[in-house]
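To keep things clear, I will list the structure first and then write my remarks on it.
The values are calculated or read from the model by the stated rules, or taken from the named source; none is laboratory data. Keep in mind that this is a model prediction, so the values were computed, not measured. Virtual Cβ from ideal backbone geometry, glycine too; neighbours counted across all protein chains shown.
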Amino acid sequence: MSIRRVERDLNRFRQIVRGKIKKDLRKYMSQGEMIGRQGRKYVSIPMPQIDLPQFRYGAKQGGGVGQGDGNVGEPIGRGGDPQPGEGEAGSEPGQHVVEVDVTLEELAQILGEELQLPNIEPRGKKNIVAKKDKYSGIRRVGPDALRHFKRTYREALKRQLTSGEYNAADPIVIPIREDMRFRSWKETLMPEANAVIIYMMDVSGSMGTEQKELVRITAFWIETWLRSQYKAIDIRYIVHDAAAKEVDQDTFYHIREGGGTKISSAYRLCNKLIDEHYPPTEWNVYPFHFSDGDNWGGGDTRECVELLRSQLLPKSNQFCYGQVRSLYGSGRFAHDLEEYLGKEENLVIAEIADRDDVYDAIKDFLGKGK
């Protein structure tokens, strides 16, 4: 009984936590500190709104006050010298902060429910297979863990009816060894739907620390959702200024170059990665590009538009461009994409001026279910 009560209280606590996260999801999506608490399967979320349970002593633990009259101001229930650690009480209430571990899978469910994100229908199938055991029949031998109780009972009943052992007045059915039936299985090969995320980011001088932090926060929520939709995710990172190169995750978020900006260099490298490693007939491809909107002249923007129209958009489930606001960036590139490619169904453009815009950007990026 006590175990069931503990489980009931734990489930109630989880529901409270879930409700708190959903209520304040926009706030959590704008904060970066929770990403630093991310593990392989869990993320720790600070929740100062939840009060911790406290013990409150009743009358029987009141300190042993005796009978009779007392004088005003006379201390009661306190004997001897003050104990170590005792002192004057503070005048301000304490702040209770609870760090709650939430699985990334549950966080993705909350994200999907709150933003009303549709489940993704995979376009490509990765050309590898996973082994999966499928119970497909019944056999006479096997381990007790696979015993089929219903079929075993049926065989025992059939045998007793045939031999005349069955007594309707005392309907006891006792299986013997020859009555035992066990589940059998066969190994099947199942294709896995996998995806690749290709992040591209402008790292020229106009992209500062705050702009990269906006990209990092946005990327965390993108990955949280896409990992809930696919068996496995590959992630590749491309940085560019006037030239593009592939880097690792740590370099992606911390490198800073000083040159100009030529976005087409990143798009060409992205297209090369797809052609060499991620054919769209087998992979679900998700390129995400982040910049402050500066580009090196109209000629390069026209080249970007042509690369998107003829190469990247046909190969991608969805191509997403996120434009972060910078003091030095013109912000022109998003307007150019909207003007020339705004009617393309698998192109999504979002402007991320500050952290409060992350919520809306994620809803734009993931809201089509592609």
Residue within region 317-340 that is among the acidic types (Asp, Glu) and touching an Asp or Glu at 6+ places or on another chain (Cβ under 9 Å) present: no
Counted residues, region 200-227 - those being of a type in the set (Asp, Glu) and crowded, with 21+ Cβ neighbours inside 10 Å: 1
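So if I check each of Cys304, Cys320, which one is in a helix (DSSP H, G or I) and crowded, with 21+ Cβ neighbours inside 10 Å?
Of the residues listed, the single one that is in a helix (DSSP H, G or I) and crowded, with 21+ Cβ neighbours inside 10 Å is Cys304.
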Restricting region 170-210 to residues that are part of a loop (DSSP other than H, G, I, E, B) and either within 28 Å of Ser316 (Cβ to Cβ) or touching a strand residue (DSSP E or B) at 6+ places or on another chain (Cβ under 8 Å) (or both), the residue that is modelled with the lowest pLDDT: Ala193
Residue list for region 325-365, filter: among the aliphatic types (A, V, I, L, M) and part of a loop (DSSP other than H, G, I, E, B): Leu327, Ala353
Selection within region 287-298 - touching a helix residue (DSSP H, G or I) at 6+ places or on another chain (Cβ under 9 Å) and exposed (fewer than 15 other Cβ atoms within 10 Å of the Cβ): Gly298
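Just the residues that are outside any helix (DSSP H, G or I) and either in contact with a helix residue (DSSP H, G or I) (Cβ under 7 Å, 6 or more places away or on another chain) or among the β-branched types (Val, Ile, Thr) (or both), please, taken from region 254-281.
Passing the criteria: Ile255, Thr261, Lys262, Pro280, Thr281.
Is one or more of the residues making up region 318-326 farther than 19 Å from Val203 by Cα and not acidic (Asp, Glu)?
yes
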Among residues of region 237-253, those that are of a type in the set (Ser, Thr, Tyr) and not in a helix (DSSP H, G or I), counted: 1
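Considering Ala232, Ala244, Ala266, which residue is touching a Leu at 6+ places or on another chain (Cβ under 6 Å), small (Gly, Ala, Ser) and either at pLDDT 90 or above or over 23 Å from Arg332 (Cα atoms) (or both)?
Exactly one of Ala232, Ala244, Ala266 is touching a Leu at 6+ places or on another chain (Cβ under 6 Å), small (Gly, Ala, Ser) and either at pLDDT 90 or above or over 23 Å from Arg332 (Cα atoms) (or both), namely Ala244.
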Residue that is without any contact (Cβ under 8 Å) to a residue 24 or more places away in the chain and among the hydroxyl-bearing types (Ser, Thr, Tyr), where the choices are Ser310, Ser316: Ser310
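Only residues that are among the aromatic types (Phe, Trp, Tyr) and within 12 Å of Ile198 (Cα to Cα): list them for region 223-251, please.
The answer is Tyr237, and nothing else.
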Extreme residue, nearest to the chain's Cα centre (by Cα), among residues of region 239-286 that are β-branched (Val, Ile, Thr) and surrounded by 22 or more Cβ atoms within 10 Å (Cβ to Cβ): Val285
One residue from Ala350, Ala361 being buried (at least 18 other Cβ atoms within 10 Å of the Cβ), closer than 26 Å to Tyr230 by Cα and within 19 Å of the chain's Cα centre (by Cα): Ala361
Top-ranked residue of region 211-236 - restricted to ones that are free of Cβ contacts under 8 Å to residues at least 60 places away in the same chain and assigned to a helix (DSSP H, G or I), ranked as nearest to Asp354 (Cα to Cα): Lys212
